[in-house]
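Following: one structure in structure tokens, then a few remarks.
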Amino acid sequence: MVSSRLKVLEEVLRIKRVRYGIFILLSLAILSIFVILFSPFEYDRISPRVHLPPLAGSDTSWPHILGTDNLGRDVFTRTFYAFALDLGCALAVVILSGSIGLAIGIASSYLGGVIDAVLMRIMDIVISIPGFMLAIAIAAVLGSSIFNAIIAIAIVTIPVYARLVRSVVLSVKESLFVLAAKEAGLSDLYIVVKHVLPHVIPTFITQASMELSNAIIYIAALSFVGLGAQEPVPEWGLMISSARRYVREAWWTAVFPGLVMFLTVLSFNLIGDGLRDYLDPKKRTVIGVQVETS
Amino acid sequence: MARNIAQYIFYRLIQAVFSIFGVIVVVFLLSRVLPGNPAIAILGPKATPENIEKVTREWGLDKSYFEQFLIYISRILQGDLGDSYVMGYSVGRLIAERLPASIELVVFAFVLSLIIGIPLGILSARKHDTKTDLILSTLAVMGFSFPSLLLGILLLIFFGINLGLPVSGRIDPRYSINVYTGFILLDTLLNGNINAFLDAFSRIIPPALTLAIPLAGLLLRLTRNSVLEVMMQDFVRTAKMKKLPENIVMYKHILRNALLPIITIAGLYFAVLVTGDIVVETIFAWPGLGRLIWEAVSLRDYMVIQGSVLVVSIIYIVVNTVVDILYMYIDPRIRG
């Protein structure tokens, strides 16, 4: 079991896109940890030296690598604090909505009948509202804070997982080994955990990887609109929102946070994309998408 | 056959009506789960005692939730979305004023993404597994990973600062244009004012590109995969063996089949355009619905937010229903 899992991991890591994605993500994470630990600048320290261009000298041993913003804060330090913050928030969103969606999907497909019908109609309604609009409505009700933004985005994305899990469970439910386990008198819960869940996990992880990039975009967009992080929290959307007015004088205050955000989103899309092709053997051979396996 | 089509359309319409009803219920529940007095939330900063009393009477806020819902839904069905006390107009009027600008921008962006995405996708499929394909596929992934936040800022800098073009608003206010359709590109032409048209055209390009580039990346990928899938099928091989010219095989046999699934997926991506639209309209000061939502959020005007969510969701449901029905007409295979 362990060796076969290692083999899967090895095969996945051979996919070029997954490798590039992980490489970008790790580089950004290392930079971010380095900045949080060693940067001589605080993310919220205001100084009179506003809108200094990139690489301008400072009164510490570091230059302002990406310049300073309209309040004289170091853009490099803030951008990489924001990396940790946005990634953490996106993970929170995915864990929250993923686990609730998983529970709803399993309950729906296993209990069936009225419960299934009611749960799925609710999911249909939520999905028929454009996600970001619903997130705005929920966040506006809850009040502006990064915590409420996480809750709003998590609620909006639950149906994606619920439907996915339900469809996988329904297809596994009738397979021989599940029927055999039932015949052997094992409890439903045991069968779900031991025999059904392992089949859900690959699709689930692929979806979660794509949803991470969505969550980052949503968090930044909510903060940009004013319904997420509030000053002086270092958050990409909020940074771009405040820098927007000074684009003519200081383009770097808006462009660099955006670039790091783009690289983060790109790396999750690359990983998710590679995983999806890996899980879809039809695509691997028929369409000629180049996935290097074994 | 005809009966089946009618049945399908009927079933799809019923489904759409239920979805719209569901959306109304969700929006109603959201406005009532607020801790504290919903009248204060409706009024926002304008919550004076007289106003609170007025709103409570108007929406029946002292009655049971069921009665409140009946009042709510009967007003919605009459097209009355309530009044914005903060902005001083009815919500319906505010949205109606802004909607054409957003529709124009989104449709323009959508057409732009089709023009960029589909030909490049075909090219990528024709040259599959070559360097061209690799470059195009890489560009596609980068394209749809571009957050509208960054892309908008970059295009604002490029068009506004590097090229020195106007990048804010729909048109220079010095052009006085009679409004016929609400769509500025059409109105300027109907007025016969070419300079105004060129001004409006140059202003719609940067925000539309911001919305179009991610979608074009997605369409490129979809077209490529879809065309490749069709290329593997028997009838294409037959056509090739008959020595039909390659172009005819491509355009008559392959594209016709390959582009169908793309149409439905493109309909679903309307929701993605809506997200981008709010950001883009804010960055480029485009006076549409997205900008209205941004203004409503900064003014804490919950009535406008709620009304906009309702309107955008209903448009989304209608668009997807129409796309589904059209798709069924075009593709005989899915008629039961």
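To the nearest 10 degrees, how steeply does helix B:65-77 sit against the main Cα axis of chain B, on a 0 to 90 scale?
60
Against the longest alpha carbon principal axis of chain B, how many degrees, from 0 to 90 and to the nearest 10, is the axis of helix B:255-268 turned?
20
Can you work out the Karplus-derived ³J(HN,Hα) for every residue in the range A:181-189? Use 6.51 cos²θ - 1.76 cosθ + 1.60 with θ = phi - 60°, whole Hz, and x for glycine or proline.
Whole-Hz 3J(HN,Hα) from phi for the range A:181-189: 5, 5, 4, 6, x, 6, 6, 4, 4.
Do me a favour and compute the ellipsoid semi-axes for chain A from its Cα gyration tensor, root of five times each eigenvalue, largest one first, whole Å.
Values: eigenvalues 351, 113, 45 Å².
Three semi-axes, in Å: 42, 24, 15.
With viscosity set to 0.692 mPa s and temperature to 37 °C, compute the Stokes-Einstein D of chain B, Rh being the Kirkwood radius across alpha carbon pairs; µm²/s, no decimals. Mind showing how you got there, number by number?
Working: Rh = 22.9 Å.
In µm²/s, the coefficient rounds to 143.
Give the residue from B:V27, A:S171, A:Y81 lying farthest towards the positive end of the charge dipole for the protein assembly as shown; charges sit on Cβ (+1 for Lys and Arg, -1 for Asp and Glu) and the dipole is referred to the Cα centre.
After comparing all options, I get A:S171.
Nearest 10 degrees, 0 to 90: what angle lies between the long axis of helix B:2-32 and the longest principal axis of chain B (Cα atoms)?
The answer is roughly 40 degrees.
Over chain A, what is the mean sequence separation of C-alpha contacts under 8 Å (at least six apart), divided by residue count, expressed as relative contact order in percent?
Values: 420 pairs, mean separation 76.6, N = 294.
Relative contact order of chain A: 26 percent.
List the residues, sorted by chain then number, that are 5 or more residues from B:Y89 or on another chain and whose placed amide H is less than 5 Å from its amide H.
Amide H neighbours of B:Y89, under 5 Å, 5+ apart: B:S84.
About the Cα centre of the protein assembly as shown, what is the dipole size in debye to 20, counting +1 per Lys and Arg Cβ and -1 per Asp and Glu Cβ, all else neutral?
Numbers: 51 positive and 44 negative charges, 376 e Å.
Using only the charged Cβ atoms, the result is roughly 1800 debye.
Ordered by residue, what ³J(HN,Hα) values in Hz, to whole numbers, does the range A:246-256 give under the Karplus form 6.51 cos²θ - 1.76 cosθ + 1.60, where θ = phi - 60° and Gly and Pro are x?
Couplings: 10, 4, 5, 7, 9, 4, 5, 5, 9, 6, 5 Hz.
Between B:L198 and A:I95, what is the FRET efficiency for a Förster distance of 56 Å, r being their Cβ-Cβ separation, to the nearest 0.05?
Values: r = 51 Å, r/R0 = 0.91.
The pair B:L198/A:I95 has a calculated efficiency of 0.65.
Karplus couplings for the range B:215-228 from phi (6.51 cos²θ - 1.76 cosθ + 1.60, θ = phi - 60°), rounded to Hz, Gly and Pro as x?
Going residue by residue, I get 5, 4, x, 5, 5, 4, 4, 4, 4, 4, 5, 5, 5, 4 Hz, with x marking Gly and Pro.
Test of understanding: in a Gaussian network model of chain A with alpha carbons linked when under 10 Å, which of A:M261, A:M133, A:M123 would top the mean-square fluctuation ranking?
Highest fluctuation among the options: A:M133.
Which one, A:A29, A:A221, A:A184, has the greatest fluctuation when you compute a Gaussian network model over chain A with C-alpha springs under 10 angstrom?
A:A184
Tell me the net charge near A:R163. Cut-off is 15 Å between Cβ atoms, A:R163 excluded, with +1 for each Lys or Arg and -1 for each Asp or Glu.
Once positives and negatives cancel, what remains is -1.
Taking 37 °C and 0.692 mPa s as the conditions, I'd like the Stokes-Einstein D for the protein assembly as shown in µm²/s, using the Kirkwood hydrodynamic radius from alpha carbon pairs.
In µm²/s, the coefficient rounds to 123.
Which one, B:Y180, B:M241, B:I314, is farthest towards the positive end of the dipole of chain B when Lys and Arg carry +1 and Asp and Glu -1 on their Cβ?
Value computed over the given set: B:M241.
If you roll a 1.4 Å probe over the heavy atoms of the protein chains, what accessible area per residue do you get for the protein assembly as shown, in Å²?
The answer is 46 Å² per residue.
Of A:I122, A:I22, A:I205, which has the largest mean-square fluctuation in a 10 Å C-alpha GNM of chain A?
Comparing A:I122, A:I22, A:I205 in the GNM, the peak value goes to A:I122.
Restricting attention to the range B:26-89, which trypsin sites (Lys or Arg not before Pro) occupy a DSSP loop and are surrounded by at most 13 other Cβ atoms within 10 Å?
Listed in order of number, the matching sites are B:K63.
Provide, for chain B, the number of lysine pairs with alpha carbons under 23 Å apart, each pair being eight or more places apart or on different chains.
Taking the Cα cut-off of 23 Å, the pair count is 10.
The values are calculated or read from the model by the stated rules, or taken from the named source; none is laboratory data. None of the values given here were measured: they were computed from a predicted structure. In this analysis, Cβ positions are derived from the backbone assuming ideal geometry, glycine residues included, and neighbour counts consider all displayed protein chains. Protein only, heavy atoms only, side chains kept; ligands, DNA and RNA dropped before computing areas. Shrake-Rupley method; radii C 1.70, N 1.55, O 1.52, S 1.80 Å.
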